[in-house]
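For reference, the structure discussed in these notes is given below.
The values are calculated or read from the model by the stated rules, or taken from the named source; none is laboratory data. Since the structure is predicted, the reported quantities are computational estimates derived from the model, not experimental observations. Every residue, glycine among them, receives a Cβ derived from its backbone with ideal geometry; neighbour counts consider all protein chains shown. The protein model used for the area step is the full one, side chains on, heavy atoms only, and it has no ligands, DNA or RNA in it. Shrake-Rupley method; radii C 1.70, N 1.55, O 1.52, S 1.80 Å.
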Amino acid sequence: MRREIKKLSEDGFGIIKAGKKKVYVPFTAVGDIVEIKKWHREKKKLVAHEYEIITPSPIRTEPKCPYFGKCGGCMLQHLPYSEQVKFKAEKLENLFGYTVDVIPSPKIYGHRNRIDVVISTEGIGFRRRGTWWDVIDIEECIVFGEKSGRALKSLREFIEDFKLQPWDLRKSEGFMRYIVMREGKFTGELMINLVTYEGSVPDEVQEYFNFADSIYWSVNSSKSDVSYGEPRKFWNREFIKERLDDVVYLIHPNSFFQTNSYQAVNLVKKVAKFAEGRRVLDLYSGVGTFGIYFAKKGFEVEGIEINPFAVEMARKNAEMNSVNATFYVGEDRNVENLGKYDTVVVDPPRAGLHPKLIRKMLKDAPETIVYVSCNPKTLAKNLEELKSIYKVEEIIGLDMFPHTPHVEVVTKLKLNV
């Protein structure tokens, strides 16, 4: 079956018609003419897995990564960056019904400050697109930067020298599971976190990663395939640091932090610009990324976060930056009175705001809400629920994730008067 790609799905797949059905074709561009040989069902969609690009689209560009088309991480690297930003702006316009500008990422390679690399019997690298059991063996990741190549080379030498067993994804057995790299892009500090099953890591690990500022050994003793583990030991520094504008943050292996530091600077500036008044509540405050930035700008800040460890890190960050910001452990929907704050900042998980919190916002009616969303779909749903008393005053997209279909959105809501 030969067809021309005339449209991309919101996930960045080319769409073709096969009778009354739609077939989604990965790694294609509008204008590509493709020959589809086989497709299968994948998450309720028909996805082509054997196909050939007969005539490439004139808008295509040569992907910089040698693993493009195999690794499932960078779906859009075959599109010029201007086309990626255009695609994301069109996606937001289709969703919200009006034009939303998207701020491009200041850097599109070497921008990620964290990557989680699988250590498996199939190889050391990233999942092959569409699989959980197969891994594309890589030498470096160019969206993280050159330090990834050095770290992976050292990892392979370490595993070979000490005969350490990589994890078997199909059997869920072995020892070495993940290497997680984190880098302060504005400080240059590097953290290496080796996630293993139960066992022990030789102390000689320090010699193999002597270029890292912090080396961790963490244990995931479950069969669950996650890159999160309980820290058992660290060498050198306990934390690395990252700087956004004039605020410094401590980074721990289990801290959540925006993965694109260069664009995160624009994000915190935009969120601070949208805030009004003096008293700010930072809901889903995490390690204090927004709250501490606000406090540095002179706002009175309280932060609420359900994760006790994140609250502990936020307090450390507040102390390090000498700011007046108070962080508490609590649930988003249990805040006593949202109305006493001039601005409420929310940065919820992908599922969006809890229905109880929506009802509380409508009841307490804080004058300004700044909503940061990594999932524009749930944002759109929540805006519909809030529109009875709020209006969207400003909305902007930020491309935190070049070469992927994902986009961050920041919205300023004002109480209707």
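Against the numbered list (1) assigned to a loop (DSSP other than H, G, I, E, B); (2) among the hydrophobic types (A, V, I, L, M, F, W, C); (3) at negative phi, PHE27 comes up short only at (3).
Every listed requirement among (1) open to solvent by 50 Å² or more (accessible area, probe 1.4 Å); (2) touching a strand residue (DSSP E or B) at 6+ places or on another chain (Cβ under 7 Å); (3) of a type in the set (D, E, K, R) is met by ARG150 save one, (2). The set of residues in the stretch 112-130 that are closer than 22 Å to TYR197 by Cα and of a type outside the set (A, V, I, L, M) comprises ARG114, ASP116, SER120, THR121, GLU122, GLY123, GLY125, PHE126, ARG127.
Checking each residue in the stretch 317-351 for being in contact (Cβ under 8 Å) with a residue 40 or more places away in the chain, open to solvent by 20 Å² or more (accessible area, probe 1.4 Å) and over 23 Å from the mean Cα position of the chain (by Cα) picks out MET320, LYS340, ASP342. So which residues in the stretch 299-314 are open to solvent by 30 Å² or more (accessible area, probe 1.4 Å) and either β-branched (Val, Ile, Thr) or in contact with a Cys (Cβ under 7 Å, 6 or more places away or on another chain) (or both), if there are any at all? Listed by number, the list holds a single entry, ILE306. Screening SER227 on (1) out of contact with any His (no Cβ under 6 Å at 6 or more places or on another chain); (2) in contact (Cβ under 8 Å) with a residue 12 or more places away in the chain; (3) part of a helix (DSSP H, G or I) shows it passes everything except condition (3). All told, ARG170 falls short of being in a helix (DSSP H, G or I) and open to solvent by 50 Å² or more (accessible area, probe 1.4 Å).
Considered as a group, the residues in the stretch 205-223 that are open to solvent by 50 Å² or more (accessible area, probe 1.4 Å) and at pLDDT 95 or above include one that is nearest to ALA272 (Cα to Cα), and that residue is ASN210.
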